[in-house]
1. Sorted by mean Cβ packing within 10 Å, highest first, what order do the peptides 9-19, 243-253 take?
2. Give the long-range amide H neighbours of THR287: residues separated by 5 or more places, or on another chain, with amide H under 5 Å away, using H modelled in the peptide plane at 1.01 Å from N.
3. For the range 127-173 and the range 28-47, write down the distance between their C-alpha centroids in whole Å.
4. Calculated from DSSP H runs of 4 or more alone, at -39500 (n - 2.57) each and per residue, what is the 222 nm mean residue ellipticity of the chain, nearest 500?
5. Determine the equivalent ellipsoid of the chain by diagonalising the alpha-carbon gyration tensor, then write out the semi-axes as square roots of 5 times the eigenvalues, largest first, rounded to whole Å.
6. Within 10 Å of each residue's Cβ, count the other Cβ atoms and sort ASP42, ASP181 from fewest upward.
7. Using a simple charge model, +1 on the beta-carbon of Lys and Arg, -1 on the beta-carbon of Asp and Glu, nothing else, what dipole does the range 14-94 show about its Cα centre, in debye to the nearest 20?
8. Given the convex hull of the Cα atoms of the range 190-278, what is a quarter of its surface area in nm²?
Amino acid sequence: MIDLINTLQDGIAQLQTWLYVDVAQPLLFALGLMGYDEETYDALYWVIIGMLQIVVMYAVLRPLEALRPIEPWQDRKATRVDILYTWIAKLGVYNMLFFMLLQPWFDRLQSLMAIHGIPNIQLDGFWPGLSDHPLVSFLIYLVVLDVAGYWYHRWQHRFGVWWELHAVHHSQRQMSLWTDDRNHVLDTVIEAGFFAALSLFIGVEPGQYVVLVAVSNVLQSVQHVNARLPFGPVLERLLVSPSFHRRHHAIGYGHEGTRYGCNFGVLLPWWDMLFRTASWDTTPEPTGIRDQLPAPEGHLRDYGRGWWAQQFRAIPRIAMRMRTTLGGAR
Ligand SMILES: [Zn+2]
Ligand SMILES: [Zn+2]
């Protein structure tokens, strides 16, 4: 397993060098942007990992959707915008944006923490020599980041302003393998910043972080697939399955009820079981947000069809939420 990962990493590193020397460097030179050469080299790593994910999605998940769909559709027009989201996310645009905008802040925060003697929580401190066992430390990091992911997601549903951003993800009524990346840009940047900061804080190595993000992304694409892929009663309790996450997107279940929804788990359903937010009902329900339905159930609310509309329409919704929150406080 470790050998396979090493071989894969060597291959990616070679591809990265080739892309950098033959494509990126001449381009940067021509544009007079050689000041960004280091960032570009790092960003290329994310681009290659993203491209590999897209290959897996087209080669494995897309044929499954064609062969064994859960929801049969007349056409796939509504999924097209999600493909655009996926390409933008997988080409590493957000990561590049994130690196340029937030990296200086992190550097400053890290040096401030060092000056004031605030220690990072490094797992090596609890278990000396842990970093010598990459697979064990990888699994521990995965569990720690996943429990944080559970609460992060639960709060996206709990707090109105945040929900209006997350609603972009839930407003897709034709949920497919591409839906995972359908998110508001602001939400994506906040999330990338939060998990990068947490990872730095607990001592995740940069090389491990890339693998953690890639594993998480692939599994989350699987969760959104519109294909019958039963995990069985045991695996379903170990790993979030497509039917478990589909329940989270179901109108009337995933976002409503006493706990503002169910099945918030990112990779592991354990936290939903522990904090009593799990629903194991696999009956296929229409997905989306109740507000999108016609009266009397909803208000036929339009969350936008295209990328720009979906991004901009979140702004007045947030403004409205803030007005009612502030109004309520007075
Ligand atoms: Zn959600
Ligand atoms: Zn989802």
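1. On the way: 9-19: 13.5, 243-253: 21.6.
Packing order, densest peptide first, comes out as 243-253, 9-19.
2. It is ILE251, by chain and number.
3. The distance from the Cα centre of the range 127-173 to that of the range 28-47 comes to 30 Å.
4. Dividing the helical sum by the residues of the chain leaves -19500 deg cm²/dmol.
5. Details: eigenvalues 214, 116, 110 Å².
Over the Cα atoms of the chain, the semi-axes work out to 33, 24, 23 Å.
6. Ranking ASP42, ASP181 by Cβ neighbours within 10 Å, fewest first, gives ASP42, ASP181.
7. 480 debye
8. Its Cα hull, projected and averaged over all orientations, spans 6.9 nm².
Any read-out appearing in this document is the output of simple, stated calculations on the displayed coordinates, not a laboratory observation. Quick caveat, the model's predicted, so the values are computed rather than measured. For neighbour counting, all protein chains shown are included, and Cβ atoms are generated from backbone atoms with ideal geometry for every residue, glycine included.
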